[in-house]
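> Before I ask anything, here is the structure I am working with.
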Amino acid sequence: MATPLTMVTFDRDGRPVDDAPDRLAEAMADTRTPVTDVFLLSHGWLNTHTRALTAYEEWVRAMTDYFALRYFETEERRPGFRSLVVGVHWPSAPWQPASASRSVEAEIAAYADVLGEDTVEDLAPLVRRAREGADPERLTPADEDRFVRLDERAGLDLQQVGARPGNDRLDFEPGAIHADYRATRPGPWAALLAPLKVTSFWAMKRRALHIGATGVRTLLETLRQADVSGNVRFHLVGHSFGAIVCCAALQSAARPVHSLTLLQGALSLWSCAAVIPDTRVDGYFRPLVDLGLVTGSVVTTTSDKDRALRWFYRMAATTSRDYRLARPKRLPRYGAVGTYGLAGLDAGVARHLTVERGRLRYGVEGGRVYRADASAVVTGGGFSVQGGHSDLVHPELAGLVWEAAMVP
């Protein structure tokens, strides 16, 4: 990992905020120190620029340590290996942990930035009461109406499984969401705002899709055009909603990439299915498979310690707590890649492997889609809605990314 990390920041419309893409293109075109591999990383939800930078730096250190361990093997397989590491930052934090330094007005404005400026009137009383410690046993009809209006004004639809990320929900029932949160307490924030968190979650999925299909796709093509050799390999690595960013960028790209790694991906498990069982629709990102947009391997990680994905995806279908398909494995219609992997693939393509502590080699092969059960290392801890969702800095996971990148 000879090249340091370069951050590229996008605004909410997918536009870069500085000249970082141009500087990266110059580095790509420099034949004195030719780049052989580009790693493009995208974070997920609730990441400020500082938090994203810290996460990327930690991840690059883990990758660098692994590179040093397998240096001679890498040189043999990829002579002259030299990487360019790009960290994407996009506005993904509709809320932050409660703190005395953040005013009520700032919190309201953060939600309004995601849901729409015309939502302030409904947001204000809810946020203020939550700050005051309100914890009702059930929502009032007036509050339920407020949450429904907020969801509608966010521009979200209920188009069910297979729809574009953000609209792939069955229903939105504020009362049921609030009751479930009070019963299970999956996170530290006020139960009163649980329906608002759910709306923000799905709205942020939609933003991730837009950022990927516009800004990151353009960045990817800019770097490709700067590749004078035409031999540079591109590797996309997305965490959480960053998995949506990467898939959206790739789906609209002109050329394939070599590897795609989805770490605790916050997108539907049916995203790449040819036909979603009990429906007549395919997965939204099925073209990634049909068009051969990954020439090497696809790797997904799953963990049963990831509370964030389990709870938020369960809230996609609140009218039926066991909304499962009539099939032997009884996979849910609404679930995340980070929980179940990618389902609905051809048997000859899908593979399963287990990430064990201390295991650094996996025998990843090209032309395969792997579900890597990382429950042994992606564990997290503490009282957090995320659980193990962001617990990613492990040599075992670095090994997965490296193996995918090194596939012939």
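The values are calculated or read from the model by the stated rules, or taken from the named source; none is laboratory data. These numbers come from a predicted model, not from an experiment. Neighbour counts run over all protein chains shown; Cβ positions are idealised from the backbone, glycine included.
> Are any of the residues in the stretch 158-174 under 18 Å from Glu117 (Cβ atoms) and under 24 Å from the mean Cα position of the chain (by Cα)?
For the stretch 158-174, residues under 18 Å from Glu117 (Cβ atoms) and under 24 Å from the mean Cα position of the chain (by Cα): absent.
> State which residue is surrounded by the fewest Cβ atoms within 10 Å (Cβ to Cβ) when the search covers only the stretch 283-328 and only residues that are charged (D, E, K, R) and at pLDDT 85 or above.
Out of the qualifying residues, it is Asp290.
> Still on this model: Which residue pairs have Cβ atoms under 7 Å apart, sit 6 or more places apart or on different chains, and have a first residue in the stretch 325-354 that is under 18 Å from Arg307 (Cα atoms) and of a type in the set (Gly, Ala, Ser) and a second that is crowded, with 22+ Cβ neighbours inside 10 Å and modelled with pLDDT under 95?
Going by the 7 Å Cβ cut-off, the qualifying pairs are Gly335/Tyr313; Ala336/Leu309; Ala336/Tyr313; Gly338/Asp306; Gly338/Leu309.
> Going by what's in this entry, would Asp118 be described as under 18 Å from Val198 (Cβ atoms) and touching a residue at least 24 places away in the same chain (Cβ under 8 Å)?
No.
> Kindly list the number of the only condition in (1) within 27 Å of Gly366 (Cα to Cα); (2) of a type in the set (A, V, I, L, M); (3) part of a helix (DSSP H, G or I) that fails for Ala274.
That leaves (3) as the condition not met.
> Additional query: Which of the residues spanning the stretch 3-35 are under 16 Å from Val216 (Cβ atoms) and of a type in the set (Ser, Thr, Tyr)?
Matches in the stretch 3-35: Thr6, Thr9.
> A further question follows. Residues in the stretch 167-175: is at least one touching a strand residue (DSSP E or B) at 6+ places or on another chain (Cβ under 6 Å) and outside any helix (DSSP H, G or I)?
Yes.
> With respect to the numbered conditions (1) loosely packed, with under 15 Cβ neighbours inside 10 Å; (2) within 25 Å of Leu69 (Cα to Cα); (3) at pLDDT 95 or above, which one is the sole condition not fulfilled by Ala374?
(1)
> Given the residues Gly212, Gly238, which is the only one that is surrounded by 22 or more Cβ atoms within 10 Å (Cβ to Cβ), more than 16 Å from Arg164 (Cα to Cα) and of a type outside the set (A, V, I, L, M, F, W, C)?
Being surrounded by 22 or more Cβ atoms within 10 Å (Cβ to Cβ), more than 16 Å from Arg164 (Cα to Cα) and of a type outside the set (A, V, I, L, M, F, W, C) holds for just one of Gly212, Gly238, which is Gly238.
> Determine whether Ser384 is among the polar types (S, T, N, Q), surrounded by fewer than 21 Cβ atoms within 10 Å (Cβ to Cβ), at pLDDT below 90 and closer than 30 Å to Ala191 by Cα.
When the stated conditions are applied, Ser384 passes them.
> Of the conditions (1) free of Cβ contacts under 8 Å to residues at least 24 places away in the same chain; (2) outside any helix (DSSP H, G or I); (3) farther than 30 Å from Ala93 by Cα; (4) not small (Gly, Ala, Ser), Asp18 fails just one. Which one is it?
(3)
> Considering only residues that are surrounded by fewer than 12 Cβ atoms within 10 Å (Cβ to Cβ) and among the aliphatic types (A, V, I, L, M), which ones fall in the stretch 329-356?
Ala347
> Would you mind stating whether Thr199 is buried (at least 24 other Cβ atoms within 10 Å of the Cβ) and either under 16 Å from the mean Cα position of the chain (by Cα) or in a loop (DSSP other than H, G, I, E, B) (or both)?
Details: buried (at least 24 other Cβ atoms within 10 Å of the Cβ): yes; either under 16 Å from the mean Cα position of the chain (by Cα) or in a loop (DSSP other than H, G, I, E, B) (or both): no.
So Thr199 does not fit the description; no.
> Right, here's the next one. Kindly indicate the residue of the stretch 6-38 that is of a type outside the set (A, V, I, L, M) and within 24 Å of Leu115 (Cα to Cα) and also surrounded by the most Cβ atoms within 10 Å (Cβ to Cβ) among those meeting that condition.
It comes out as Phe10.
> From the list Ala62, Ala55, which one is surrounded by fewer than 21 Cβ atoms within 10 Å (Cβ to Cβ) and either under 23 Å from Leu309 (Cα atoms) or in contact with a Gly (Cβ under 6 Å, 6 or more places away or on another chain) (or both)?
It is Ala55.
> Please state which of the following conditions His89 fails to meet, knowing it meets all the rest: (1) surrounded by 16 or more Cβ atoms within 10 Å (Cβ to Cβ); (2) under 20 Å from Met406 (Cα atoms); (3) not hydrophobic (A, V, I, L, M, F, W, C).
It is condition (2) that His89 fails.
> Can you tell me which residue within the stretch 33-59, out of those that are in a loop (DSSP other than H, G, I, E, B) and in contact with a strand residue (DSSP E or B) (Cβ under 9 Å, 6 or more places away or on another chain), is farthest from Met7 (Cα to Cα)?
Filtering the stretch 33-59 for residues that are in a loop (DSSP other than H, G, I, E, B) and in contact with a strand residue (DSSP E or B) (Cβ under 9 Å, 6 or more places away or on another chain), the one farthest from Met7 (Cα to Cα) comes out as Thr36.
> Residue by residue through the stretch 130-153, note down the ones that are at pLDDT below 95 and small (Gly, Ala, Ser).
Selection gives Ala130, Gly133, Ala134.
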